[in-house]
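Shown next, in structure tokens, is the structure this report addresses.
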Amino acid sequence: MKFTLTNLVLLLMIITMVVISKPLMADDTNTQTNTSGSNTNITGGYESTSETTYADGSTNTTTTNNDSTSTTNNKSTVPPPSANSPSYSSMSQDVCSMGISGSVTTSIVGVSGGKHFIDENCERIKLAKVLQDFGMKVASVAILCQDRRVFEAMNSAGTPCPFQGKIGKDAQAMWEKYSELRPDYENHVERTKIIENIDAEILAQQLKAEEEEAARIAAEEAKKAEEEALKKAEEEAKLNEEVIIIDSDPIVIDRD
């Protein structure tokens, strides 16, 4: 009887402890961030439950749950090295050449390159100087006239560029005849259109002014003719009045 009562009290105590106790939980969250190395994220959930029942014997039940998640991101955001443009030195020889280089760098790849280019204007000046030294003045001017700016400057100065051995007015006539061969042909066409439009406007203004002047002269002549006609009419009317007065005088007859 005493043993039964002791067991009953012990059972009640165990039941009371089980009721008022809470499950044991262990959560662990660890986050690590590294933009230039590897990223590791570990998340774990731990749960442990223990239950003991004393009824006609002894029963012990233990349940353990252990969940763990591990995430690793091995990604580097460091950009690649910059692409350097190749260096092009200006040559010491008497040539008209210049070097141009460039480079482009992206987050994945970098590209660079370069090239030499010929300066035709520099070559033209050097060739003209050599021809001038050889006494070929017309040829020197002719090679300079291949430049559009020089051609326009020569025309503006009244000294047209040579045309197949012709100079002066003869060369100007040939350039006007074969205008498509001019190095400034496009600008020449635009300038010609502008000049024609301005000349047309000036001519229209002159014609309008002449018409207005003709209308003014015609109006003055008409007014003058009207005044003369009115004056003549007044003179005729005055003359008629004098004739009527003369006719109305009494005639005296001498009966002796």
Built amide H within the under 5 Å cut-off of Phe163, gap 5+:
none
Counting only the heavy atoms of the protein chains, how much of Ile118 is accessible to a 1.4 Å probe, in Å² to the nearest 10?
100 Å²
In a shell of Cβ-Cβ distance under 11 Å around Glu152, excluding Glu152 itself, what net charge do Lys and Arg (+1) and Asp and Glu (-1) give?
+2
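Roughly to the nearest percent, how much of the accessible area of the range 90-165 is carbon and sulfur, given a 1.4 Å probe?
The value for the range 90-165 is 59 percent carbon and sulfur by accessible area.
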Extension length gain for Asn121 and Glu241 (0.36 nm per residue less Cα distance), in nm, is 33.4 nm
In nm, give the distance between the simple-model label positions of Leu12 and Thr159, each being 7 Å from the Cα along the Cα-to-Cβ direction.
13.4 nm
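The values are calculated or read from the model by the stated rules, or taken from the named source; none is laboratory data. Quantities reported herein were computed from a predicted structural model and do not represent experimental measurements. A quick note on method: Cβ atoms are made from the backbone with ideal geometry, for glycine too, and the neighbour counts reach across all protein chains shown. Surface areas here come from the heavy atoms of the whole protein model, side chains and all, with no ligands, DNA or RNA. Shrake-Rupley method; radii C 1.70, N 1.55, O 1.52, S 1.80 Å.
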